[in-house]
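What follows is calculated from the coordinates using simple rules that are stated; it is not laboratory data. Small disclaimer: the values here were computed from a predicted structure and weren't measured. All Cβ positions, glycine included, derive from the backbone under ideal geometry; neighbour counts span all protein chains shown.
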Amino acid sequence: MELIKRPPPITETKSTSYSISGTYLPRIPVHFSLRATFARWSQLRRGRQALAYLGPEHLADIGVTREDARRETARPFWDDTSNHRT
């Protein structure tokens with residue numbers, strides 16, 4: 001019979017993080033980070049939908065060409081290259 005190795009214990013290193021074998025983990029509950037991710041995805045989707053309905057004069061006001069707007073609205077909602085943290 002083979003014994004299953006236990007993971008190393010979680011030790012508190014700072015008031016805001018935990019350490020597992022020297023790797024620091026944030027003390028943020030998972031549901032908060034998921035909520036922030038879903039909120040960001042929703043924000044991206046709404047922004048891209050709004051961009052699709054702008055006319056040429058509005059696009060010119062913000063310095064975006066029709067081709068730029070088309071390319072941006074074709075991106076999936078989870079494609080976030082801004083590394084924005086909420």
key: Gained length - E67 relative to Q43, 0.36 nm times residue gap less alpha-carbon distance   = 6.5 nm
task = Please give the length that would be gained between T81 and Y53 if that part of the chain were fully extended, namely 0.36 nm times their separation in residues minus their C-alpha to C-alpha distance (nm, one decimal).
result = 7.9 nm
task = Please compute the net charge surrounding A74, taking Lys and Arg as +1 and Asp and Glu as -1 over other residues with Cβ under 14 Å from its Cβ.
result = +2
